[in-house]
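Working notes, beginning with the structure itself.
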Amino acid sequence: MATSVESPLEHAPPPAVRRTRRGLTAAAALAVLVAIGAAALLDLRTPAPVDTDAPAGQFSAGRAAEHVEVVAARTHVAGSPANEQVRAYLEGTLRDLGLSTEVQDTVAEEAGQLSGAAGGATLARVRNVVARIPGTDPTGRVFLVAHYDSVQSGPGGNDDAVGTSAILEVARALSTGPRPRNDIVFVLTDAEEACLCGASAFASSHPLAADGGVVLNLEARGSTGPVIMFETSPDNAGLVGVFGRAAPHAVGTSFAVEVYRLLPNDTDFTAFLDHGFTGLNSAYLDGGAIYHTPLDTPAHVDRGSLQQHGDNALALAREFGATDLADLRAGNDATYFPVPGTLVRYPGWLTWPLALLAVVAVGLLGWSTRRRGHASWSRISAGFGLALLPIVIAPVLAQLLWLAITTIRPGYAELLDPYRPLWYRLAVLALAAAVLLGWYALLRRRIGAAALAVGGLGWLAVLGVLLAVLTPGGAYLATLPALAGAAGGLVALAVRPSSRWAVVAVTAGAAVGVLILLPTVMLLFPALGMGMGGVAALFAVLLGLGALPVLDLIHPALPAQPPGAAPPGAAPPGTAPPGTAPPGTAPPGTSPSGAEPTGTEPAVPGGTPSVRRGAAVPALAAALAALVLAGIGLAVDRFDAEHPVPTHLMYALDTNTGTARWLSHETDPQPWTARYVDAPESTGSDFPGLGDDDMLAGPAQAAPLPAPALTVLADQTDGDRRTLRLRLTPQRQVRLATLHVAASTATVVRATVAGRDVPVAAVTDGEPWSFGLVFHAPPTDGIEIELVLSPRGGPVSLRAMDASDDLSGLPGFQPRPADVGVVGSHTSEMLAVAHTYSY
Ligand SMILES: [Zn+2]
């Protein structure tokens, strides 16, 4: 506590000097926060790619990229001849390394719920490539997993030729060194895009999978950016410990799992988790515009991301390969997040104590603030209540901004993220800043800087508790900034509030928020896309609320209060008389508790009117920046040949009626698509294999294409049960075949597909189909299906469909101009042919 006998009032410097000093303090404090934020963001950069001449024991993105060129030379969807060539290349490459290599060739059922809308069972014929380095004294197995198939709408350069190629390069590096203690198994799966069926086949039935083990899954959902370890098995403390210790570029947060659950994506990792494996799932996400599109070529692979994937996978394979895997069974989930140079991690049981400690710390700060006469309880309560405004308004405005931008440029609606999202992301940040600063400028005189600062931290503490309940892995995002902000505030109140140590204390408190929340904000943008930019805006506001005492410095000092304005029991003399706080104290520019916000304030030089005007400047500047940045985004990110506007089109032919139609999932169709489709139509009854969403449809010429054949191999009736043994045989090269039983003609009691019993879901009344089957990558000689039916009397109606993926030969199809592209989706360019058989 300062014991100066001088009253600061007597020696107050002239206003110009005070303004300069406040300006310098503001600049210094903000520079510290900017530097810390920059360090946090620079830490997320990908490593420099290592060239092909790197030492044999190292991972080289250059060497891995040579594999990417082969794997992603063309589209290679599961079951296609192109995928067969990729499989042969992988097998040959692993054999050439001297590894025992085999192909698991089987039929497997779907993992997860990817195509549940198709109804009933989803299966695929898969061919996984499996190779192994046997351990010297194994305590278990480590599996490096990536899928080698691509979607039907692109060559899969990033997704997942990168993961596949990284594993080939890791296998090479490992096979040059000493044998590991544990078995290392390389699993290059098939049919991930279709149904996770390759991973499901391996995890459920491969002999090497029988005892489980640690899975490292390598994925991509974009083309660039840091590789994020975004998903783990439950009770991950041991695994995360190894990850933080061994991965050279460990980027991951326990919050990511929660974000990932919001997304419609799924990976092979799900299939392994379903079968009791443990492990880590990693992917890079930025550059999502080309995800699943024809642009996902080797040329669009960021070799820095590839290097990071490989560096981490190689180091983790070595570390897990040497660890006693039994030791990894920790009984809890860790909280973890990146800070420059390391991955902070602490046990999950600390989540609740920390969250409650933050509440107590902020409460203590409020109490101390009041006691020292910086704010009354009523103002602190008002500050807390009003701090909810920016938390709500900023995300809503961010969503509205994106709505406005997509109205101007409707093509964005079909993209995960714009091609060049940077300007839009900055616009959202500027908008969040404008909301926060505008709110602050309006209220700081009325409520007081101290009350608003305490109120902002109060919300951080409350959100920390909420997150501890809802998503414990994300609680640190609010809890730690609240704790640090409260600690900084308490120190600032304890030292002479007019001293520069007070500024240091509140800046240090805010810095923790910047360190934790800025990387989160910047990773949320690519993870969720601009369509959910409001989430990033929310966390940006939280960051700002934790930094209010520092942000106050960029506002003009509030006018001094007359000494008599302080209520009885307020600050003792000599400890920062209210309103005299010189530049940068915490809380700066505070109104005394109980004082009327206006009227009692004397017209000190530099006083009220200019304070009012000056306070609005930062908010207006941020609002202007948001508009300018959004405008730059619209100007820079135009659709052109390299960045084509996405369109969705497919074709469906009914060979019973000889009619065909074009179909599109676009809601607001692009001009190119609008030439084919015009009116919404429900296709579920004619093409159950396409799902039951409404689509836009338009008439098409019927192409001379054969429907899949459905032949009866055996037909037996036993009482009220009829057993039909059928063979469904596509008559052309297709990606998938489906079979549906009309509910009006029979219900299905039991179903066997390719020798496997598949689940038969109970049907509710009114549903058109009593059973549905989707079979990906069907063998050319067809699929054998046995159905035990309960017929309704009369013949059983069966709808058979198959689908290939190229529209270019169809009558009436006109190729897209260069600046019109294909949406990344599992139905883009699909060509379906269906026929109803009655037996
Ligand atoms: Zn994919």
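The values are calculated or read from the model by the stated rules, or taken from the named source; none is laboratory data. All figures in this text were calculated on a predicted structure; none of them were measured in a lab. Cβ placement follows ideal geometry from the backbone for every residue including glycine, while neighbour counts extend to all protein chains displayed. Please note that ligands, DNA and RNA were not included when accessible areas were found on the heavy atoms of the full protein model with its side chains. Shrake-Rupley method; radii C 1.70, N 1.55, O 1.52, S 1.80 Å.
Data table
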| quantity | calculated |
| --- | --- |
| Hits in the range 316-335 (condition: of a type in the set (A, V, I, L, M, F, W, C) and surrounded by 20 or more Cβ atoms within 10 Å (Cβ to Cβ)) | L316, A317, F320, L325, L328, A334 |
| Breaking point among (1) open to solvent by 10 Å² or more (accessible area, probe 1.4 Å); (2) closer than 15 Å to A166 by Cα; (3) of a type in the set (A, V, I, L, M, F, W, C), for A283 | (1) |
| Selection count where residues are hydroxyl-bearing (S, T, Y) and without any contact (Cβ under 8 Å) to a residue 60 or more places away in the chain, scope the range 320-359 | 1 |
| Members of the range 782-804 found to be modelled with pLDDT of 95 or more, of a type in the set (D, E, K, R) and surrounded by fewer than 21 Cβ atoms within 10 Å (Cβ to Cβ), listed by number | E784, E786 |
| Subset of the range 271-305 (residues that are small (G, A, S) and out of contact with any Cys (no Cβ under 9 Å at 6 or more places or on another chain)) | G276, G279, S282, A283, G287, G288, A289, A299, G304, S305 |
| Condition met for S223 (in contact (Cβ under 8 Å) with a residue 60 or more places away in the chain and more than 16 Å from the ligand (Cβ to nearest atom)) | no |
| Residues (open to solvent by 10 Å² or more (accessible area, probe 1.4 Å) and either assigned to a helix (DSSP H, G or I) or free of Cβ contacts under 8 Å to residues at least 40 places away in the same chain (or both)) located in the range 139-180 | R172, L174, S175, T176, P178 |
| Strands (runs of 3 or more DSSP E) enclosed by the range 641-703 - at least 2 residues per element that are under 34 Å from the mean Cα position of the chain (by Cα) and within 24 Å of P294 (Cβ to Cβ) | 645-647, 650-654, 659-664, 694-700 |
| Of residues in the range 705-762 being of a type in the set (V, I, T), under 18 Å from R125 (Cβ atoms) and out of contact with any Gly (no Cβ under 6 Å at 6 or more places or on another chain), the one surrounded by the fewest Cβ atoms within 10 Å (Cβ to Cβ) | T752 |
| Count of residues meeting criterion [surrounded by 21 or more Cβ atoms within 10 Å (Cβ to Cβ) and either within 14 Å of the ligand (Cβ to nearest atom) or assigned to a loop (DSSP other than H, G, I, E, B) (or both)] in the range 286-310 | 11 |
| Qualifying position, being open to solvent by less than 40 Å² (accessible area, probe 1.4 Å), over 26 Å from L422 (Cβ atoms), away from the ligand (no atom under 16 Å from the Cβ) and touching a helix residue (DSSP H, G or I) at 6+ places or on another chain (Cβ under 6 Å), among G244, G213, G238 | G238 |
| Hits in the range 414-444 - residues which are open to solvent by less than 30 Å² (accessible area, probe 1.4 Å) and assigned to a loop (DSSP other than H, G, I, E, B) | L415, D417, P418, P421, R444 |
| Residues (more than 30 Å from Y440 (Cα to Cα) and open to solvent by 60 Å² or more (accessible area, probe 1.4 Å)) located in the range 388-413 | T407, I408, A413 |
| Condition check for P588: at pLDDT below 90, buried (at least 21 other Cβ atoms within 10 Å of the Cβ), of a type outside the set (D, E, K, R) and touching an Asp or Glu at 6+ places or on another chain (Cβ under 7 Å) | yes |
| Which numbered condition G534 fails, given (1) within 30 Å of G222 (Cα to Cα); (2) free of Cβ contacts under 8 Å to residues at least 24 places away in the same chain | (2) |
| Residue that is away from the ligand (no atom under 16 Å from the Cβ) and either of a type in the set (S, T, N, Q) or in contact (Cβ under 8 Å) with a residue 60 or more places away in the chain (or both), where the choices are A283, A313 | A313 |
| The lone exception for H740 - which of (1) in contact with a helix residue (DSSP H, G or I) (Cβ under 7 Å, 6 or more places away or on another chain); (2) over 22 Å from E767 (Cβ atoms) it fails | (2) |
| Any hit, the range 336-358, residues being more than 20 Å from the chain's Cα centre (by Cα), surrounded by fewer than 23 Cβ atoms within 10 Å (Cβ to Cβ) and within 16 Å of the ligand (Cβ to nearest atom) | no |
| Candidates E192, E231 - the one that is more than 14 Å from G310 (Cβ to Cβ), within 16 Å of the ligand (Cβ to nearest atom) and surrounded by fewer than 24 Cβ atoms within 10 Å (Cβ to Cβ) | E231 |
| Which numbered condition T136 fails, given (1) modelled with pLDDT of 95 or more; (2) touching a Ser or Thr at 6+ places or on another chain (Cβ under 7 Å) | (2) |
| Cβ pairs under 9 Å, 6+ apart, first in the range 425-442 and farther than 14 Å from V628 by Cβ, second surrounded by fewer than 22 Cβ atoms within 10 Å (Cβ to Cβ) and of a type in the set (K, R) | A441/R612 |
| Boolean, V251 is in contact with a Phe, Trp or Tyr (Cβ under 6 Å, 6 or more places away or on another chain) and not small (G, A, S) | no |
| Output for the range 260-280, where each listed residue is open to solvent by less than 20 Å² (accessible area, probe 1.4 Å), in a loop (DSSP other than H, G, I, E, B) and within 12 Å of the ligand (Cβ to nearest atom) | T267 |
| The lone exception for S175 - which of (1) hydroxyl-bearing (S, T, Y); (2) more than 11 Å from the ligand (Cβ to nearest atom); (3) closer than 19 Å to D266 by Cα it fails | (3) |
| The range 372-413: number of residues that are assigned to a helix (DSSP H, G or I), charged (D, E, K, R) and at pLDDT below 95 | 0 |
| Test set (1) closer than 16 Å to H740 by Cβ; (2) surrounded by fewer than 17 Cβ atoms within 10 Å (Cβ to Cβ) - H835 fails condition number | (2) |
| Qualifying position, being surrounded by 17 or more Cβ atoms within 10 Å (Cβ to Cβ), touching a Pro at 6+ places or on another chain (Cβ under 9 Å), modelled with pLDDT of 95 or more and under 30 Å from D96 (Cα atoms), among A65, A78, A40 | A65 |
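Listed here are the residues, each with its yes/no results for (1) within 30 Å of T407 (Cα to Cα); (2) crowded, with 24+ Cβ neighbours inside 10 Å.
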site: L466; (1), (2): no, no
site: Y476; (1), (2): no, yes
site: L483; (1), (2): no, yes
site: A487; (1), (2): no, no
site: W501; (1), (2): no, no
site: A508; (1), (2): no, no
site: T520; (1), (2): yes, yes
site: L528; (1), (2): yes, no
site: M532; (1), (2): yes, no
